[in-house]
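Chemist: One structure is given below, represented as structure tokens, and several questions about it will come after.
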Amino acid sequence: MSAALDISHLEKHFPTKTGLLHAVDGVTLSIAAGESVGLVGESGCGKSTLARVVARLIDSTSGRITCAGADIGAIPARRFGTTAHRARIQVVFQDPTDSLNPHLRAQDSILDPLKRLRGDLSREARRRRVREVAAQCGLPEALLDRYPHQLSGGQKARVGIARALAVEPQILILDEPTSALDVSVQAVILHLLAELRARLGISYLFVSHDLNVVRLVCDRVAVMYLGKIVELAPTEALFTAPQHPYTAALLDAIPGKARRHPRLEGEPSSPIAPDPNVCRFAGRCPRGSELCRSAAPNLAPHAPGHRVACHHPLGTSATMVAP
Amino acid sequence: MSAPLLDVQNLSVRFRTRDGIVHALDRVGFSIERRESLALVGESGSGKSVSAFAVMGLLGPAAEVTASRIALDDTDLTGGDPAALQRVRGARVAMVFQNARAALNPIRTIGRQLMDVITRHHGIKGPAARNAALDALAQVRIPDPAGRFEAYPFEISGGMCQRVMIAIALACQPELLIADEPTTGLDVTTQAAIMDLIDALADARGMATLLITHDLGLARDHCGRIAVMHAGHIVETGQTEALFAAPAHPYTAGLIAATPTEVSSLAALSPIEGGLPDLRQALPPCRFSARCARKSKVCGEAPLPRTALSDSHVVACHHPAVLTKTRALA
């Protein structure tokens, strides 16, 4: 399988009064054509920043982003929207209400990216495309004349997805697409996303804090902690045999599941100017040792397709015993 | 059996709005025993929070509240007498709200806010109140209570804010804690820690809890009994395990099937058709009937029956899934 998207050694640092905040710190990740990769982690771990850099909404500090052979990371974000590459990567935003222009009818929201990026199409062809993509997303034509405030949450989510799909992207970045929806509506949208991926063969980068949702719609999952990917594995493997103690703690915190590991204590250390030689999870980790405080672990292969950044991975038993 | 700690019967709430009268709650009834934990579960707009706010007398003047009985132990709160509610709120029944940072006063230190409550209800002042506040902070396991005492809400994390609010709620040893979506907006690991804390403190003090949540998994983990709400009705009440093993109301079954935690694959995740009905319109006796696969003529005509499937399992449905239960499990 060829990669639809290649991210390598990506870094995004923000200057703050007290030093550089390492929001994304050396992330390497590749997404195959038609693949759905989940990106999970707690708030502040850098998953949204990573998504925004990859979606080319903001510039990276260093690193490469390649999409279909083109080095799109080198194009400044403020100019990216005017290039043809913009049509390849599209974003579905978190809050369907906040991310739609309240002054635009549903059809005009969906038409907007076509106007900007598909000037080659005739007016009529663009209108036809709007109807086509709306139908794909399950939006009845009668709703296309409505403004966002006249639509339900689920309908607004469909408009947001249709808008992203209008220009036929190869990659969709989904930033918490269902977190603002009720469970009954969430189920509808998750089914729609799975169906669209199967039908259109596009790739997803699915950013979410909800592990349960990720489990249902992703082929692989990347777990992020303080700017770094700490574990990357096929979904099934990650959920049945997590290797990183942080992943195990995250899984255990899901309500409605039997508890196998001790709860995490404390809060994440500061992402501002972190010591490069200390594991980011040290101090909060039940398995932490001297080694973790003198050398940061790399994301190393554990099993085929399964990588983990930990000096003391959980192994096959997946039961955590204090060392 | 002794009387329940909180008893609510036939609670109805209507809101006067510019677009007409919203029938937010329709003859809702529930009770909580001492030391018990009850969850009110439902989608947004189902009336979970309104139920709690109505009991506590926290709804504004646009709300018209009627009930045949609201009683805390032997204190009658049915008429919504402000003086009686004032004595109960904070002291005997405390509330923890969603989004703790917004619920706390942004321009007073967290220690000062704790002292306010202690002074108001226990009449202690000065160093004694300060010590009590420090104790309360330590009980919710805030590291370095003395250091955090002078912090403002914006200086601490969301999880810490929620701990502070729990400390404030528990400062007066209430008999009942109402937690309204206490972990919405928090990370799963923080959510787990906060819920563990509430469980542990409730256990240690023999306090009852009413957990309001949209998350069935959370309710399953932390509550012994669950009441499911839909469009201002309580459609089913039962012991947690019984409810999950054999949901009798089609809405309960639908909610379980739509919850990602409860299913093994996307194929098994099934949406609930339709949305909540418009509560401003005249509604059929069963407010779920428009979304229901099992509906028949009787659902739109006859008053909603309340059927007891066991001592603790009650369902409000003309066609509960009792007879099909064995087939569903097979």
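The values are calculated or read from the model by the stated rules, or taken from the named source; none is laboratory data. Because the structure is predicted, anything quoted here is derived from the model rather than measured. Because the Cβ atoms are built from the backbone with ideal geometry, glycine has one as well, and the counts that use them run over all protein chains shown.
Chemist: Of the residues A:Pro102, A:Pro113, only one is part of a loop (DSSP other than H, G, I, E, B) and either within 14 Å of A:Ala157 (Cα to Cα) or of a type outside the set (A, V, I, L, M, F, W, C) (or both); which?
Modeler: Among A:Pro102, A:Pro113, only A:Pro102 is part of a loop (DSSP other than H, G, I, E, B) and either within 14 Å of A:Ala157 (Cα to Cα) or of a type outside the set (A, V, I, L, M, F, W, C) (or both).
Chemist: Return the only residue of A:Pro169, A:Pro96 being modelled with pLDDT of 95 or more, surrounded by 19 or more Cβ atoms within 10 Å (Cβ to Cβ) and assigned to a loop (DSSP other than H, G, I, E, B).
Modeler: Residue meeting the stated conditions: A:Pro169.
Chemist: For the stretch A:164-194, give me the residue count where each residue is more than 18 Å from the chain's Cα centre (by Cα) and more than 12 Å from chain B (Cβ to nearest Cβ).
Modeler: Within the stretch A:164-194, residues that are more than 18 Å from the chain's Cα centre (by Cα) and more than 12 Å from chain B (Cβ to nearest Cβ) number 3.
Chemist: Filter the stretch B:8-40 for residues that are surrounded by fewer than 18 Cβ atoms within 10 Å (Cβ to Cβ) and over 25 Å from B:Asp74 (Cβ atoms); which is modelled with the lowest pLDDT?
Modeler: That would be B:Asp19.
Chemist: A follow-up question, please. For the stretch B:164-263, please list each of the strands (runs of 3 or more DSSP E) lying entirely inside it that holds at least 3 residues being within 27 Å of B:Pro303 (Cβ to Cβ) and touching a residue at least 24 places away in the same chain (Cβ under 8 Å).
Modeler: Correct list: B:225-230, B:233-239.
Chemist: Continuing with this model, one more query. List, please: which pairs have Cβ atoms under 9 Å, are six or more places apart or on different chains, and start with a residue in the stretch A:295-323 that is under 15 Å from A:Arg220 (Cα atoms) and exposed (fewer than 13 other Cβ atoms within 10 Å of the Cβ) and end with one that is of a type in the set (A, V, I, L, M, F, W, C) and at pLDDT 85 or above?
Modeler: A:Pro301/A:Val308; A:Gly305/A:Leu232; A:Gly305/A:Ala233; A:Gly305/A:Ala237
Chemist: Restricting attention to strands (runs of 3 or more DSSP E) lying wholly within the stretch A:1-50, give those where 3 or more residues are in contact with a Gly (Cβ under 7 Å, 6 or more places away or on another chain).
Modeler: Result: A:3-16, A:19-32.
One line per residue, one yes/no per condition, for (1) surrounded by fewer than 18 Cβ atoms within 10 Å (Cβ to Cβ); (2) within 14 Å of another protein chain (Cβ to nearest Cβ); (3) acidic (Asp, Glu); (4) under 19 Å from the mean Cα position of the chain (by Cα):
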position: A:Phe206; (1), (2), (3), (4): no, yes, no, yes
position: A:Arg215; (1), (2), (3), (4): no, yes, no, yes
position: A:Tyr225; (1), (2), (3), (4): no, yes, no, yes
position: A:Lys228; (1), (2), (3), (4): no, no, no, yes
position: A:Pro245; (1), (2), (3), (4): no, yes, no, no
position: A:Ala253; (1), (2), (3), (4): no, yes, no, no
position: A:Pro274; (1), (2), (3), (4): no, no, no, no
position: A:Asn277; (1), (2), (3), (4): yes, no, no, no
position: A:Leu291; (1), (2), (3), (4): yes, no, no, no
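Chemist: Next question, about the same structure. I need every pair where a residue in the stretch A:123-148 that is closer than 22 Å to A:Ala194 by Cα has its Cβ under 8 Å from the Cβ of a residue that is part of a loop (DSSP other than H, G, I, E, B) and not aromatic (Phe, Trp, Tyr), sequence separation at least 6 or different chains.
Modeler: A:Arg129/A:Arg118; A:Arg129/A:Leu121; A:Arg129/A:Ala166; A:Val130/A:Ala166; A:Val133/A:Ala166
Chemist: Another question, then. Any idea which of (1) in contact with a Gly (Cβ under 6 Å, 6 or more places away or on another chain); (2) away from chain A (no Cβ under 13 Å); (3) in contact (Cβ under 8 Å) with a residue 60 or more places away in the chain is the one B:Pro284 doesn't satisfy?
Modeler: That leaves (3) as the condition not met.
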